[in-house]
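Before I ask anything, let me first share the structure, which is written out below as structure tokens.
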Amino acid sequence: MSETAKLLQELVRIGSINPMGRDVTGPTIGEARLTAFLEEFLRSLGLRPVRQKVHEGRENVYAVYQPSGARRLVLLEAHQDTVPVDNMTIDPFAGDTRDGKVWGRGSCDVKGGMAAILTAVRRLVAEKALKTGVMVAFTVDEEQTFAGVKKLLDVPLRPDVAVAAEPTSLEIVIAHKGVARWKVRTAGQSCHSSYPERGVNAIYRMAPVIAAHERYAAMLAAGRRHPLTGTATLSVGVIRGGTSVNTVPSWCELEVDRRLLPGEDGEEAFRDAESYLRSAIGPEIAVELVEPWLLDPPLDTPEDAEVVSLARKAVSAIIGHHRVCGVSYGTDASKLALAGVPSIVLGPGDIAQAHTADEWISIEQLDQAAEIYYRFVSAAGKS
């Protein structure tokens, strides 16, 4: 088994679950134990890792290797957190290997990419032949708010190019959707459920609002299509309401997820949805749209950008045929790009395996990724 696969096993065995707003505790919750491991690993390479507080007990960690005379800086970035392990059908933290795969939570999203980055950087530092600087950064809270990468932008360094590790099957992702998320509320008047006519049922009031969202989602799906990311989407993912079954509910709330195409603005998307909704349901139903609690930009890196060219050369040398493409999900790359760092998304693993009940990653792709990251950084110093 390769050194990268062995390293991934260690990473998987360190639980780093994003609590996702839930009131949960325990040794596998949060990134603290993984942060400590990464800090020590980077220090063992002779680097000087820096911690950066994002939330209480949750810290980014990064390090820079800057050879003498280097005038450029390449960023390799991956997030530390994973989604929860509820309903998994395998031991999420065993890091088992079988059938040429490493199994466990985070193996695909995104500790596989993290292990490949660490392997590549260990080799680059050991060889002492690098002509460009390399910054490695491992951020927290990507799975919920992207707070880690946003905080990383406070570091007084601006890389020339960046690669965010995500499971892209080693395809080069240059475009992805952004997201705006907000809440929609209806109000009623509570009373005892044995006399429901004495109250106003907020859940009943929400019913036509939900139907209007479904119609609006269909309009988006039939609308403008981006060549790499498809159409914009809207989904109602959460509904809450009421306090007990024998009380007419005085409140109901939805959470809405609106995926943005490259070129779209989240605030404008929110206003457009609000305008449609109010027109669709009319003035007789009072509805409140709460300002978005998450606005995350899309990624739209030009295909002729240097970062894409460097990646194409590195990927071609290792796996040959590949695609330059777009995806529907969001990543840390769009925040880096918005800050002026030309960025792509590139990593081992298939997104279809991310967040699954039996998450795994191919060891072959894992090893290929380590070689691709190594070649990408090496080539950046020669361009």
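Just so it is clear, none of the values below were taken in a lab; they were calculated from the coordinates. If you're wondering where the values come from, they're calculated on a predicted model, not measured in any experiment. So basically every Cβ, Gly included, is an ideal-geometry build from the backbone, and we count neighbours across all protein chains shown.
Which angle from 0 to 90°, rounded to the nearest 10, does the C-alpha axis of helix 266-281 make with the longest principal axis of the chain?
20 degrees
Roughly what % antiparallel, to the nearest 5, for the DSSP beta bridges in the stretch 1-137?
Within the stretch 1-137, antiparallel bridges account for around 60 percent of the total.
Please give the charge dipole size of the chain, origin at the Cα centre, charges +1 on K and R Cβ atoms and -1 on D and E Cβ atoms. Round to the nearest 20 debye.
Dipole about the Cα centre, nearest 20: 780 debye.
Rank Ala218, Leu153, Gly242 by how far each Cα sits towards the positive end of the charge dipole of the chain (+1 on Lys, Arg Cβ; -1 on Asp, Glu Cβ) and give me just the farthest.
Value: Leu153.
Still on this structure: If you average the sequence gap of Cα pairs under 8 Å that are 6 or more apart and divide by the length of the chain, what percent do you get for the contact order?
24 percent
Please identify which residues in the stretch 237-254 have an amide N closer than 17 Å to a label point set 7 Å out from the Cα of Glu197, following the Cα→Cβ vector.
Of the residues in the stretch 237-254, 248 have backbone N under 17 Å from the label point off Glu197.
Then there's this: Compute the acute angle (0 to 90°) between the alpha-carbon long axis of helix 111-127 and the principal axis of greatest extent of the alpha-carbon atoms of the chain; round to the nearest 10°.
The angle comes out at about 20 degrees.
Something else now. For the residue pair Ala207 and Glu253, what label-to-label distance in nm results when each label sits 7 Å from Cα along the Cα-to-beta-carbon direction?
Taking the simple label geometry, Ala207 and Glu253 are separated by 2.3 nm.
How many angstrom separate the Cα center of the stretch 79-125 from the Cα center of the stretch 5-73?
Cα centres, the stretch 79-125 to the stretch 5-73: 14 Å.
Same structure, new question: Considering only the stretch 178-295, what is the antiparallel percent among its DSSP beta bridges, to the nearest 5?
The antiparallel proportion sits near 100 percent.
Also, I was wondering about something else. Using helices alone, I'd like the mean residue ellipticity at 222 nm for the chain: each DSSP H run of four-plus residues gives -39500 (n - 2.57), total over residue count, nearest 500.
-10000 deg cm²/dmol
May I pose another question? So if we plug the beta-carbon distance of Tyr276 and Ser68 into 1/(1 + (r/R0)^6) with R0 = 45 Å, what FRET efficiency do we get, rounded to 0.05? Please report the intermediate quantities before stating the final value.
Numbers: r = 59 Å, r/R0 = 1.31.
Working from the Cβ atoms, E equals 0.15.
Compare the peptides 372-378, 255-261, 133-139, 63-69 by average per-residue count of other Cβ atoms within 10 angstrom and give them in order, highest first. All intermediate terms of the calculation are to be shown ahead of the outcome.
Values: 372-378: 24.7, 255-261: 21.7, 133-139: 26.4, 63-69: 15.1.
Packing order, densest peptide first, comes out as 133-139, 372-378, 255-261, 63-69.
In cubic angstrom, how much convex hull volume per residue do the alpha carbon atoms of the stretch 178-295 span?
Dividing the Cα hull volume of the stretch 178-295 by its residue count gives 92 Å³.
Sequence gap at least 6, Cα distance under 8 Å: using those rules, report the relative contact order of the stretch 232-371 to the nearest whole percent.
Values: 117 pairs, mean separation 22.7, N = 140.
Relative contact order comes out at 16 percent.
Sticking with this one: Quick one: Cα convex hull volume of the stretch 1-104, Å³ per residue?
For the stretch 1-104, the hull spanned by Cα atoms encloses 130 Å³ per residue.
Return one number: the angle in degrees, 0 to 90 and rounded to the nearest 10, between the long axis of the Cα atoms of helix 306-319 and the longest principal axis of the Cα atoms of the chain.
Result, in degrees: 70.
I need the calculated FRET efficiency for the pair Asp304 and Thr356, taking r as the beta carbon distance and R₀ as 41 Å, to the nearest 0.05.
0.70
Now for a separate question. Under a Cβ-only charge scheme (Lys and Arg +1, Asp and Glu -1), can you give me the dipole magnitude of the stretch 178-295 about the Cα centre, in debye to the nearest 20?
About 240 debye.
I would also like to ask the following. Answer with one residue from Pro67, Val287, Val140: the one whose Cα lies farthest towards the positive end of the charge dipole of the chain, charges on Cβ with Lys, Arg +1 and Asp, Glu -1.
It is Pro67.
Then there's this: With unit charges on the beta carbons (Lys and Arg positive, Asp and Glu negative) and the dipole taken about the Cα centre of the chain, which residue among Ala94, Ala162, His55 sits farthest to the positive side?
Looking along the dipole axis, the top candidate is Ala162.
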